1. Relative contact order of segment 246-357, please, whole-number percent, based on alpha carbon pairs below 8 angstrom and at least 6 residues apart.
2. Identify all lysines with a Cα-Cα distance to K154 below 28 Å; exclude those on the same chain that are fewer than 8 residues away in sequence.
3. With a/c under 1.5 counting as rounded, go ahead and sort segment 346-426 into rounded, prolate or oblate using the C-alpha gyration tensor (a ≥ b ≥ c being the square roots of the eigenvalues; past the cut-off, prolate if a/b is larger than b/c, else oblate).
4. Dipole magnitude of segment 275-333 about its Cα centre, charges +1 at Lys/Arg Cβ and -1 at Asp/Glu Cβ only, in debye to the nearest 20?
5. Ordered by packing density, taken as the mean number of other Cβ atoms within 10 Å over each peptide's residues, highest first, how do 203-214, 405-416, 231-242 rank?
6. Assuming 0.36 nm per residue, please report the length gained on full extension of the stretch A366 to N394 beyond their Cα-Cα distance.
7. Can you tell me the dipole magnitude for the chain around its Cα centre, using point charges on the Cβ only (Lys, Arg +1; Asp, Glu -1), in Debye to the nearest 20?
8. Between H220, P396, P25, whose Cα lies farthest towards the positive end of the dipole of the chain when Lys and Arg beta carbons carry +1 and Asp and Glu beta carbons carry -1, centred on the Cα centre?
Amino acid sequence: MTFGNDEWEHLKGKKVIFIHHGSAPGGAPTSLRNLCDGLLRQVPELNIQVACAFSPMIPFFRECKGLVVKQYIGLPVNAGKKLIGFSPLWHLPTMLNMILQFLLSPRVIAQETSWLKNEKPDLVHLNSSVLWTSAIAAYRLGVPVIWHIRETLKGGRWNIRRRLYSRFITSRASAIIAICAQNAKQLSTRGQEQAAIVYNGINLNDYAPDRFDKAEARHHFNLPDDAFLVLSLGGDSPQKGLWQICRALNYSSEDIHLVLAGATHASKQEAISPLTKAKWTTEDILVKLGVLQNHTWQYTQRAEQSARKVKDRIHKVGFSQDVPRLLAACDVLVFGGTTPHFPRPVYEAWAMGKPIIAFNNAVLQAEVDHGINGLLVPRDDVNALSEALTTVKNDPNLAKRLGQNGKRKALSRFDQSANTKAVLNIYSKILSSLKKKD
């Protein structure tokens, strides 16, 4: 069934405010911008607005034609990251910051309540799990909340945080949208029943492989013609596994090069002090024992140290919105996700018919069919990652088969029009139920 104005007649003129928390371009804001574009295309009379907590994101969202973008107030994002388990609870500096944000939260909630009261939205759509104060503000005003769960909730060794925060989400949300099955699974039992799984949509026409010439794409980004190019999107973020990827590159043949897209942060300190080495050794032991989940201590410096050993085989292209062309230039995507979440790069690579290699966290184990549409390797096993890169490089038939199977999955799961319709169905259901109550 195609979208038509008559089908969504009752949504015309309704005001939906998306609240976005982030300060830099990435997967979540790109997915939100795509969703807004899809909503405006299907129901142009729907009043879609995005409220940005950080002003640098305003120009990013204004690239979406017809989208109203406004400045929101500052949000306690770090406290939210603690609540969902993305930041270690025991880390002293961030713990102190979280306590401060909690102490200031009544004032923040009051400011948000006043802002939303003036705006008079029909729906508030939260673009992240971390937006707990926004949920409270909207709930106080009786405005329905659609809560987009883009992150996989975690909660430490006993999952206490996850369980409590999941119940909070369920109690405040009129509807929950999870971007993959694993994200829905991490919610409470009631939350799982309430959650709709709507994968992030992409315009598949933009990712048609025949739109690009590989040689031209490499020339566009000033990349070598004769190398086997491995793409990593996400810069040097600890959540994207650059340290592990660079170590694997060191064990791989010299014709395997890394194309690094995204923000990178140069460390001022080149020499590694004995104290830093001792910290890293301690962290290695704690991760191995399971006390720590990931390597995060001075991660950028770790990644830089490993990158120096293979610096002639790393090509930094910075942040690029031309992801399809980047994928066209490369031979395989590696997603080094050290924390469980379902990333845009994986299904963008699938849409381009490219093979993917990823760390086998719980989310990707549920989404990637190992050996069929991708290869999964243990997170800290650099030898396994190196072997996977070599296998894909040396077996073009395997690479082609992985890419073709991924393409089929992208076509069936990540179509922007179909996924936009699913969100419109949720809006329609909520607003119809409110009308019946009136």
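Read the figures in this text as sums done on the coordinates, not as results from a lab. Bear in mind the structure is a predicted one, so any value in this text is a computation, not a measurement. As a convention, Cβ positions derive from the backbone with ideal geometry for all residues, glycine included, and neighbour counts pool all protein chains shown.
1. The normalised contact order for segment 246-357 reaches 32 percent.
2. Within reach: K81, K82, K185, K240, K279, K288, K409.
3. Details: a/c = 3.51, a/b = 1.75, b/c = 2.01.
Oblate shape, in that a/c is at least 1.5 and b/c is the bigger or equal ratio.
4. That gives a dipole near 220 debye.
5. Output ranking for 203-214, 405-416, 231-242: 231-242, 405-416, 203-214.
6. 7.4 nm
7. It comes to approximately 1500 debye.
8. Farthest towards the positive end: P25.
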